[in-house]
1. Tell me, which residue of the range 1-17 that is loosely packed, with under 13 Cβ neighbours inside 10 Å and more than 9 Å from the ligand (Cβ to nearest atom) is farthest from His49 (Cα to Cα)?
2. So how many residues does the range 65-114 have that are in a strand (DSSP E or B), within 15 Å of Val51 (Cα to Cα) and free of Cβ contacts under 8 Å to residues at least 40 places away in the same chain?
3. Being among the β-branched types (Val, Ile, Thr), loosely packed, with under 14 Cβ neighbours inside 10 Å and under 30 Å from Arg6 (Cα atoms) is the filter here; which residues of the range 42-93 pass it?
4. Looking at this structure, is Asp119 acidic (Asp, Glu), in contact with a strand residue (DSSP E or B) (Cβ under 8 Å, 6 or more places away or on another chain) and surrounded by fewer than 17 Cβ atoms within 10 Å (Cβ to Cβ)?
5. Do we find a residue being buried (at least 18 other Cβ atoms within 10 Å of the Cβ), out of contact with any strand residue (DSSP E or B) (no Cβ under 7 Å at 6 or more places or on another chain) and either modelled with pLDDT of 95 or more or farther than 24 Å from Ile76 by Cβ (or both) anywhere in the range 19-41?
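The values are calculated or read from the model by the stated rules, or taken from the named source; none is laboratory data. Everything numeric here is computed off the predicted structure, so don't read it as measured data. Methodologically, a virtual Cβ is constructed for each residue, glycine included, from the backbone with ideal geometry; neighbour enumeration extends over all protein chains shown.
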Amino acid sequence: MSEEKRNLTCIRCPMGCQITVTLESGEVRAVEGNSCPRGDEYARNEVTHPVRTVTSTVRVRKGSLPVVSVKTQTDIPKDRIFDVMRDINSVTVTAPVHIGDVLMENIAGTGVALVATRDVPAA
Ligand code: SF4
């Protein structure tokens, strides 16, 4: 049976606990180093199904600013970040943009929307 250890830094809070996950044949056998249950959950997800919220900016036409900050409405699979960034870079929206506006539905086929995180009034 193959045993593997993965060292992670928990990103669920600023303490940044160093966590070691022991895997045996791909199954999680032990999680050590976390100071709370959120770290255990983070570590298990990270080694089996890693996800991230993506934050970036989208170009704005005729706005008081050239770009608007955006984020994915929920987490997306980590291995889709490249595709999501490609879609984000391909889009331009027209001002005004309001915080919470859905700028793209189903970004990169993830089923997750891309939303604005600030207002950009028309110029
Ligand atoms: S394990 Fe708990 S205390 Fe440690 S960084 Fe993660 S969330 Fe914070």
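1. Among residues in the range 1-17 that are loosely packed, with under 13 Cβ neighbours inside 10 Å and more than 9 Å from the ligand (Cβ to nearest atom), the one farthest from His49 (Cα to Cα) is Met1.
2. Initially, the range 65-114 is screened for residues in a strand (DSSP E or B), giving 67-72, 76-77, 92-94, 97, 102-104, 114.
Add one more test, that the residue is within 15 Å of Val51 (Cα to Cα), and what stays is 71-72, 76-77.
Filter once more, so that each one left must be free of Cβ contacts under 8 Å to residues at least 40 places away in the same chain: 76-77.
Selection size over the range 65-114: 2.
3. First, pick out the residues of the range 42-93 that are among the β-branched types (Val, Ile, Thr): 47-48, 51, 53-55, 57-58, 60, 67-68, 70, 72, 74, 76, 81, 84, 88, 91-93.
Now restrict to residues that are loosely packed, with under 14 Cβ neighbours inside 10 Å: 48, 53, 55, 74, 91-92.
Across the range 42-93, the qualifying residues are Thr48, Thr53, Thr55, Thr74.
4. On the way: acidic (Asp, Glu): yes; in contact with a strand residue (DSSP E or B) (Cβ under 8 Å, 6 or more places away or on another chain): yes; surrounded by fewer than 17 Cβ atoms within 10 Å (Cβ to Cβ): yes.
Yes.
5. No, the range 19-41 contains no residue that is buried (at least 18 other Cβ atoms within 10 Å of the Cβ), out of contact with any strand residue (DSSP E or B) (no Cβ under 7 Å at 6 or more places or on another chain) and either modelled with pLDDT of 95 or more or farther than 24 Å from Ile76 by Cβ (or both).
So that you can scan it fast, the table gives a plain yes or no per residue for (1) in a helix (DSSP H, G or I); (2) polar (S, T, N, Q); (3) touching a residue at least 12 places away in the same chain (Cβ under 8 Å):
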{"position": "Cys13", "(1), (2), (3)": "no, no, yes"}
{"position": "Gly16", "(1), (2), (3)": "no, no, no"}
{"position": "Ile19", "(1), (2), (3)": "no, no, yes"}
{"position": "Ala30", "(1), (2), (3)": "no, no, no"}
{"position": "Arg38", "(1), (2), (3)": "yes, no, yes"}
{"position": "Ala43", "(1), (2), (3)": "yes, no, yes"}
{"position": "Glu46", "(1), (2), (3)": "yes, no, yes"}
